[in-house]
Amino acid sequence: MGNVGFLGTLLIIAVGHMVTIPTAMAISEIATNQRVEGGGEYFIISRSFGIIIGAAIGVALFLARAISVAFYVIAFGAAFEPLFSWLQTRGFALDDLRLVSVPAVVGLTVLIVKKGADLGMKTLYVVVATLFLSLAMFFLGDSGYEVERGFGTLIRTIELPDPLFLVFAITFPAFTGMTAGVGLSGDLENPRKSIPLGTMAATLGGMVVYVLVAYKLALSAPPDVLVSDQLVMSRIALWGPIVPIGLAAAALSSAIGSYLVAPRTLQAIASDKVFPWPRVNAWLSRAKDGSKEPVNAALVTAAIAVTFTIAGDIDFVAQIISMFFMITYGSICSISFLEHFAADPAYRPGFRSRWYVSLFGALMCLWLMFQMSQFYALVAIAVMFVLYATISHYNPEKRGLSNIVEGAIFQVSRKLQVFLQKSRRQEQNGFRPSVVCISKDSFERHAAFDLLRWIAHRYGFGTFIHHIEGYLSRSTDAEARAAKSRLVQLAHYSDSNVYVDTIVSPSYRTAICQLIQLPGVSGQENNLVLFEFAKRKAEGLDAIIDNYQLVTSTGFDVCILASSDRGFGYRREVSIVLSPGDFENANLMILLAYILVGHPDWRGAVIKMFSVIPERHLEEEQARLYRLIRTGRLPISAHNVRVIPQEKGIDRRTIITERCRDTDLIIVGFDGKLLKKQRDTMFQGYDDVGNVLFVNTTKEIELVGDDVPEQEAAAPQTPSETKPQLAPS
């Protein structure tokens, strides 16, 4: 109040509840999803979203609660300041409040270990009655200070006040008690009912009390008194001594609450064998004979509490607690937000929050952490990541965050696909290859898969289908599942963006019929089918040729990869060979080459273009190629373009063999109309070169965007520009 004024205090209360209300709603929602046992937030989260997520948040919450014990015990010691001052007037040199706080934490440990939760809960009834009486005396009292009334009362602060967010960091632990009841979930008669009711009532009730206390302080004392006298409330109260008693009761109640919750959280984590040391799990999960009291976990809590109590700096301890609570509350809100999008049918809570409330709470936690202290925020986030990574490493069989994220991704993907389908125009600007490939030799030859993953790296999309010949049955389904698992591993280790799957179908033709009806995995319909055969055997080529007409009749472009034992060589050179019949195929051939060299595996590769043309059309072809390179904005240097006069009796195969012998990939076009006549020869005769990709399209693909004017496309060359060179025959 003295540092930020009444309005600043209202802002702190409001901001604090922007975190705690979404968190309380998220916890209440998660708690009503299923039967709740001991372990508080840890049990609730772990049983809903997985042990790994629950354990990471649970360990952070345990540390926050254990350190909170020290925080509240230090505050308990502060209630004895009047007694110490009185003793000093009597000649006793006592000024270290740790003389009270350290024995208090030890005594509290003995009380909890010996008597357990029952005595702790009975003590809280006495504490609540004392707090109620203290507040009543405070509101009925009058300080006697002369305080100017009016708007100035609401904004008065001391000179050179502390920053708002530093004050917020120190006071934030006052907002965290609303989940104490969640930590006692195993001791509640009906936790599914009590947790939402008690958590929301505590959150909203505490907010009302804080606002009323702040307003009373603003009317009763000036800022300098509020800052200099931490027990100023006793000067205001109708009976002064009740305030230190109430302060001690408040601190004691919070300390007891944290002391009851922290060991139970640690015990539940150890009971699930989360820690990598079996003996540690067994020791921490051990309970008192004939009860559920976590004796050993309470001793660990005591060790942490004593350590921070000896430190004695309540502001430092408060900032540490605030960061731990912020990171755990932010994690809880984030998980609640993701679960709303995952739409898991098993997630059916009786109390419903809203996704935007959880998202707001998560973002507020993250923002406030960095506002309070960037250093502590980074440390807290790092600790949470380390906890999650460590627990995941030692518990690989347990469910983690990936399940929730996967569900959320599925839902977002579904919504995007539906949106794209509804909004897609009939004609789109530009062409983007969405390639689907089918193969029975997926594990014998990887050439088709490699080509597909290069195309799908950035500019295109790829779906790879492994064909299992036969009828769908229990055995073929098991075979398909095993094959898909192998393909997923292949996609993972090759770092590809290819979607993989399997098809069980009685024939190659029926498999292709299924293939060309598959929806595009990207939301864009598939538009190109990739086939593959081995040149040294040519097995499967007849089946590809027999089904060509079926594929093109549905509007698909076709690529046929003739793979050699050389593979793709050093992936340094791609040659495009154009012939007079490749007018429609040319742009797709060039586009595929451009997409291919955009992959890191082909970094530094060059594209060379050879145009085999009758001599009478040489000049015309040179000009056409020049415009194609210029307007297509493709990375093909004019120096790498050769126009080759076609001599009578010299076919394209001979030219390719002579000029592309060392090329890593050769791209050539083919005419589907001639396929029936030349089926035995069209794809043969390339044994002395590497992989050859045959390309055919039923439509000319536009390489020039709408932003390139037609006059620019036809612009004459300038002296500085180089024409494609005429190669010697």
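Selection over region 427-478 of residues that are assigned to a helix (DSSP H, G or I) and surrounded by fewer than 16 Cβ atoms within 10 Å (Cβ to Cβ) gives a count of 4. Assessment of region 267-283 against the conditions (under 26 Å from VAL128 (Cα atoms), hydroxyl-bearing (Ser, Thr, Tyr) and modelled with pLDDT of 85 or more) yields no matching residue. Contact map, region 296-311: residues that are within 13 Å of TYR259 (Cα to Cα) paired with residues that are part of a helix (DSSP H, G or I) and among the basic types (Lys, Arg), Cβ distance under 7 Å, separation 6+ or inter-chain. No pairs are found. Cβ-Cβ contacts under 8 Å between residues 6 or more apart (or on different chains), taken from a first residue in region 143-166 that is in contact (Cβ under 8 Å) with a residue 12 or more places away in the chain to a second residue that is hydroxyl-bearing (Ser, Thr, Tyr) and surrounded by 12 or more Cβ atoms within 10 Å (Cβ to Cβ), are listed as SER143/SER220; TYR145/SER220; VAL147/THR153; VAL147/SER220.
List pairs: first in region 21-45 and at positive phi, second modelled with pLDDT under 75 and β-branched (Val, Ile, Thr), Cβ under 6 Å, 6+ apart or cross-chain? Sorted first by the residue in region 21-45, then by its partner, the pairs are GLY40/VAL182. In this entry, ARG509 is excluded by the filter for residues that are more than 29 Å from SER553 (Cβ to Cβ) and of a type in the set (D, E, K, R).
Residues that are at pLDDT below 85 and polar (S, T, N, Q) do occur in region 222-233, at least one of them.
The single condition from (1) over 25 Å from GLY470 (Cα atoms); (2) under 41 Å from the mean Cα position of the chain (by Cα) that ARG536 fails is (2). The lone criterion from (1) touching a residue at least 40 places away in the same chain (Cβ under 8 Å); (2) crowded, with 16+ Cβ neighbours inside 10 Å left unmet by LYS288 is number (2). Does any residue of region 520-530 turn out to be at pLDDT 90 or above, in contact with a Pro (Cβ under 9 Å, 6 or more places away or on another chain) and either basic (Lys, Arg) or closer than 26 Å to VAL689 by Cβ (or both)? The answer is yes, given that some residue of region 520-530 is at pLDDT 90 or above, in contact with a Pro (Cβ under 9 Å, 6 or more places away or on another chain) and either basic (Lys, Arg) or closer than 26 Å to VAL689 by Cβ (or both). Restricting attention to region 495-504, which residues are within 17 Å of ASP441 (Cβ to Cβ) and of a type outside the set (Val, Ile, Thr)? Selection gives ASP501 alone. Counting residues in region 158-169 that are β-branched (Val, Ile, Thr), in a helix (DSSP H, G or I), open to solvent by 20 Å² or more (accessible area, probe 1.4 Å) and closer than 24 Å to MET326 by Cα gives one or more. GLY205 - would you say it is outside any helix (DSSP H, G or I), modelled with pLDDT of 85 or more and open to solvent by 10 Å² or more (accessible area, probe 1.4 Å)? Criteria not met by GLY205.
Is it the case, given these coordinates, that GLU658 is closer than 25 Å to GLY685 by Cα and free of Cβ contacts under 8 Å to residues at least 24 places away in the same chain? So GLU658 passes the test. Is it fair to say LEU94 is among the hydrophobic types (A, V, I, L, M, F, W, C), in contact with a helix residue (DSSP H, G or I) (Cβ under 8 Å, 6 or more places away or on another chain) and at pLDDT below 75? Criteria met by LEU94.
Only residues that are farther than 26 Å from ASP272 by Cβ and either open to solvent by 30 Å² or more (accessible area, probe 1.4 Å) or not polar (S, T, N, Q) (or both) were counted across region 366-397, and they come to 13.
Determine if region 670-680 includes at least one residue that is of a type in the set (Lys, Arg), within 20 Å of PHE610 (Cβ to Cβ), modelled with pLDDT of 50 or more and assigned to a loop (DSSP other than H, G, I, E, B). No, there is no match, as no residue in region 670-680 is of a type in the set (Lys, Arg), within 20 Å of PHE610 (Cβ to Cβ), modelled with pLDDT of 50 or more and assigned to a loop (DSSP other than H, G, I, E, B).
Against the numbered list (1) crowded, with 24+ Cβ neighbours inside 10 Å; (2) among the β-branched types (Val, Ile, Thr); (3) at pLDDT 85 or above, VAL300 comes up short only at (1). Whenever a residue of region 206-222 is farther than 23 Å from GLY177 by Cα, its partners that are of a type outside the set (D, E, K, R) and in a helix (DSSP H, G or I), lying with C-beta atoms within less than 7 angstrom and at least six residues away or across chains, give the pairs ALA218/PHE6; ALA218/THR153; ALA218/LEU154; LEU219/THR153; SER220/ILE236; ALA221/VAL232; ALA221/ILE236. Go through region 589-612 and give me each residue that's buried (at least 20 other Cβ atoms within 10 Å of the Cβ) and without any contact (Cβ under 8 Å) to a residue 40 or more places away in the chain. Those that are buried (at least 20 other Cβ atoms within 10 Å of the Cβ) and without any contact (Cβ under 8 Å) to a residue 40 or more places away in the chain: VAL597, ILE607. If you filter region 105-159 down to residues that are small (Gly, Ala, Ser) and at pLDDT below 85, you find that the one that is farthest from the chain's Cα centre (by Cα) is GLY144. Can you pull out the residues in region 84-105 that are open to solvent by 70 Å² or more (accessible area, probe 1.4 Å), free of Cβ contacts under 8 Å to residues at least 60 places away in the same chain and part of a helix (DSSP H, G or I)? TRP86, GLN88, THR89, LEU99, PRO103 - these are the residues of region 84-105 that are open to solvent by 70 Å² or more (accessible area, probe 1.4 Å), free of Cβ contacts under 8 Å to residues at least 60 places away in the same chain and part of a helix (DSSP H, G or I). Listed by position, the helices (runs of 4 or more DSSP H) enclosed by region 208-280 that each have at least 3 residues that are of a type in the set (S, T, N, Q) and within 25 Å of GLU81 (Cα to Cα) are 242-271.
The values are calculated or read from the model by the stated rules, or taken from the named source; none is laboratory data. In this text the structure is predicted, and so the values were computed from the model without any measurement. Using ideal geometry, Cβ is built from the backbone for each residue, glycine included, and neighbour counts are taken over all protein chains shown. Heads up: the accessible areas ignore ligands, DNA and RNA and are worked out on the full protein's heavy atoms, side chains in. Shrake-Rupley method; radii C 1.70, N 1.55, O 1.52, S 1.80 Å.
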